[in-house]
Amino acid sequence: MPAHVDASLCDGCREAGLRAAVVRCEAVCPGDLMTLDPQTLKAFCRNYSDCWDCCACVKACPTGALAPRLSYALALFGAKVSYEGRPDGCRWTLSGAGVEEAFDLPGDTGWK
Ligand code: SF4
Ligand code: SF4
């Protein structure tokens, strides 16, 4: 299943009201699945069945608008995973059922 798009956070990779030169989630998706709705300029996945859950789009999003979907087999209903890129690594945060756990991973994420 492709990442969930939080439309309130997706700005279409625009800055200062200008159309983005590069839509990050679109640029990194290996299956060419992520794109912008021409009406709303919000991202969406054009083919759910072709998504292989690589999370490249989640990691590339500069606004935190994308989050992996978790199946009930992996986590409780309502559980969420969020990604935060940093210059020296990244943090994955799993939350649900009143519990939150963070996993910090070192390395160059490409975020400056
Ligand atoms: S999870 Fe991977 S394959 Fe699926 S939409 Fe995102 S970048 Fe594309
Ligand atoms: S990378 Fe994030 S902000 Fe940019 S279009 Fe995709 S979901 Fe929206």
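The values are calculated or read from the model by the stated rules, or taken from the named source; none is laboratory data. Because the structure is a prediction, the values reported are computed rather than measured. Don't worry about glycine lacking a Cβ; one is built from the backbone with ideal geometry, like all the others, and counts go over all protein chains shown.
Below, the figures for the structure above:
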| quantity | calculated |
| --- | --- |
| LEU41, sole failed condition from (1) assigned to a loop (DSSP other than H, G, I, E, B); (2) modelled with pLDDT of 90 or more; (3) of a type outside the set (S, T, N, Q); (4) under 29 Å from GLU100 (Cα atoms) | (4) |
| Within the stretch 26-70, tally of residues that are more than 12 Å from TYR83 (Cβ to Cβ) and without any contact (Cβ under 8 Å) to a residue 60 or more places away in the chain | 30 |
